[in-house]
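Written below as structure tokens is the structure these notes are about.
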Amino acid sequence: MTPRDLGARRQRVIGAVRGETAGPTLVCTGSLHGDEPSGVLALQRILRLLEEHQLPIRGEFVALAGNLSAMVADERYLSDDLNRHWSPDNIRRARETELETLSDEDRELRELLDALHELFERSGGELHFLDLHTSSADGQPFVCIGDTLRNRRFAEKFCVPVILGLEEQIDGSLLEYVNNLGYITVGVEGGQHRAETSVDHHEAVVWLALVSAGLLRESEVPEIDTYRQRLRRVSRDLTGFMEVRHRHPIEPADEFAMEEGFTNFQHIRAGQLLAHDRVGEVHAAEGGRILLPLYQGLGSDGFFIARDVNSFWLRLSSGLRRLGLDRALHWLPGVRRHPEREGTLIIDTHLARWFALEVFHLLGYRKRRSVEGKLVVSRRLFDHRPPEAD
């Protein structure tokens, strides 16, 4: 069945396999953007192979389709980007409104929300969540995570670059919503939208996730080494962690047009011409590697710029967090806890300007917003322990 057929039938659950033995849960979503069929195709392939080989799953594996209506239209979305739609206000409205009266992405959010929470409630062990995406630009696959130590450990298993800080640059993502409930989450960018290799990359990552999450043993997956080699070969010299340093947000009125030929992870220099908009030329704010350059009509992100992260800082970050220093930053002058939001700090930039923002990054505070002249930074909750251990 094609992704468009799934959408036309409004078949939210692509398939599920529950083992006879209790264990963890792995949930995967594909086509959260309707013009990204790769994730759904890869999940269908995996479900078929699981059935053919009768592999002894422990726990449960569930594959979900994202934006069904947009899948039928073969569009990124209809009214609103479903992967920017998971705000508290939108979730509350969707839950409080009769399903039959909801339209477009509100209906998609509500149905996906109901399906996810049914899985959360019946999960017998730790739950891992993968969101499968592709991009309009060519380039190697990668994974992106909210910066928790639990997410890092899981993401390191996939033999592709791990991007920190990308998820925190945007609001209302599905990964953010699920991560803040205390589950381990990873976003997977498989490659270009229509490339057959993107399906292969997604398939390889999901097989590795089934093993890493504990649903299968390595010896039980016949081609596990092939999947690893596939990802290592395409990643070439791109291994380890990178962090997003810059996001170029756009709106439809900007008339944004990317310069032709950029690919994911391509090196760029500070000041290089990257795009045009109605004001004029758009130049790189700093040097690094370009990520997700926009070559499609819909989207709110023109491009991102990332840089490598030295492994020393990752080890230091892990040690400091395990010591609990991420919970002590409010003791610094000019820094105070947000009165209503857990894991959020309000920084008086006049008093605290001598603290480098990298210090907050080390301790997981990567999401930042300017509110009424104050810098508001937040981190993902349940950094190195699940909720029940807190």
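The values are calculated or read from the model by the stated rules, or taken from the named source; none is laboratory data. In this text the structure is predicted, and so the values were computed from the model without any measurement. With ideal geometry, Cβ positions are generated from the backbone for all residues, glycine too; neighbour counts draw on all protein chains shown.
Would you be able to tell me the number of residues in segment 325-335 that are over 12 Å from Gly364 (Cβ atoms), free of Cβ contacts under 8 Å to residues at least 12 places away in the same chain and not aliphatic (A, V, I, L, M)? Steps first, answer last, please.
As a first pass, look at segment 325-335 and keep what is over 12 Å from Gly364 (Cβ atoms): 328, 330-335.
Checking which are free of Cβ contacts under 8 Å to residues at least 12 places away in the same chain leaves us with 328, 331.
Next, from what is left, pick out any that are not aliphatic (A, V, I, L, M): 331.
Qualifying residue count for the region: 1.
I'd like to verify a number: residues in segment 247-271 that are surrounded by 13 or more Cβ atoms within 10 Å (Cβ to Cβ) and farther than 17 Å from Ser135 by Cβ, how many?
Matching residues across segment 247-271 total 1.
Let's see how each residue does on (1) loosely packed, with under 14 Cβ neighbours inside 10 Å; (2) assigned to a loop (DSSP other than H, G, I, E, B); (3) modelled with pLDDT of 85 or more:
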{"site": "Asp326", "(1), (2), (3)": "no, no, no"}
{"site": "Arg336", "(1), (2), (3)": "no, no, yes"}
{"site": "Pro339", "(1), (2), (3)": "yes, yes, yes"}
{"site": "Glu342", "(1), (2), (3)": "yes, yes, yes"}
{"site": "Trp354", "(1), (2), (3)": "yes, yes, no"}
{"site": "Glu358", "(1), (2), (3)": "yes, no, no"}
{"site": "Gly364", "(1), (2), (3)": "no, yes, yes"}
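Residues that are under 26 Å from the mean Cα position of the chain (by Cα) and outside the structural domain of Glu168 (by TED's automatic domain parsing), at least 3 per element: which strands (runs of 3 or more DSSP E) completely within segment 249-300 meet that? Explain how you work it out, then say what you get.
Details: elements: 273-276, 281-283, 288-291.
It comes to 288-291.
Of all residues in segment 1-57, which are among the acidic types (Asp, Glu) and buried (at least 16 other Cβ atoms within 10 Å of the Cβ)?
Across segment 1-57, the qualifying residues are Asp35, Glu36.
Just the residues that are among the hydrophobic types (A, V, I, L, M, F, W, C) and in contact with a helix residue (DSSP H, G or I) (Cβ under 9 Å, 6 or more places away or on another chain), please, taken from segment 117-143.
Applying the first criterion (among the hydrophobic types (A, V, I, L, M, F, W, C)) to segment 117-143 yields 119-120, 127, 129-130, 132, 137, 142-143.
Within segment 117-143, Phe120, Leu127, Phe129, Leu130, Leu132, Phe142, Val143 meet the criteria.
Do we find that Glu243 is touching a strand residue (DSSP E or B) at 6+ places or on another chain (Cβ under 9 Å), at pLDDT below 95 and buried (at least 19 other Cβ atoms within 10 Å of the Cβ) in this structure?
The answer is yes for Glu243.
Just need a number here: residues in segment 20-60 that are part of a helix (DSSP H, G or I) and either under 30 Å from Arg84 (Cβ atoms) or among the charged types (D, E, K, R) (or both).
Counting residues in segment 20-60 that are part of a helix (DSSP H, G or I) and either under 30 Å from Arg84 (Cβ atoms) or among the charged types (D, E, K, R) (or both) gives 13.
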